[in-house]
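Quick note: the coordinates plus some simple rules give every number you see, no bench work behind them. On a predicted model such as this, the values are computed, not experimentally measured, just so you know. With ideal geometry, Cβ positions are generated from the backbone for all residues, glycine too; neighbour counts draw on all protein chains shown.
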């Protein structure tokens, strides 16, 4: 009677002349069992290779390190963004002060000696910053903030991808551990 090996894998699937190894005559069974060690080793390697082929190649430590680096990048870029926003607020205040100074200076007659002294006092009180240059710098800061937002978005996207890969790598490692 022939034993079926349909749906079986590994050792259970082995048949010689349609019979399981346990059902073979003594001499033939012993000879077959000698080659079994090599078969089992090859079978295990094949299973490991099949598992490794369907999952990411990287290690869990690599992914965790990358996730840590991505989070640190986000933290640094958010810090830069905050600094830029503070600079914008500072420069906006300087522009406002400069406009106040200019509007007050416009009232005075620059030829009048008394007014010249008041103009000098206003210039000491409100330093003579170049308003146009400050406005241009604010524009550059705003563009840098937009780039920061883009970098942060990309890092979050990478975190999502690496988190997904972490789950796959953990599944791979569980499957590999199960066949050892």
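Some observations on this one:
- Full extension of the chain between residue 135 and residue 58 gives 22.9 nm of extra length, using 0.36 nm per residue less the Cα-Cα distance.
- Given their separation in residues at 0.36 nm each and the Cα-Cα distance between them, residue 49 and residue 37 gain 2.5 nm when the chain is fully extended.
- Label zone (residue 108, point 7 Å along Cα-to-C-beta; backbone nitrogen cut-off 14 Å) within the range 115-152: 115-128.
- Placing pseudo-labels 7 Å out from each Cα toward the beta carbon at residue 75 and residue 92 gives an inter-label distance of 2.9 nm.
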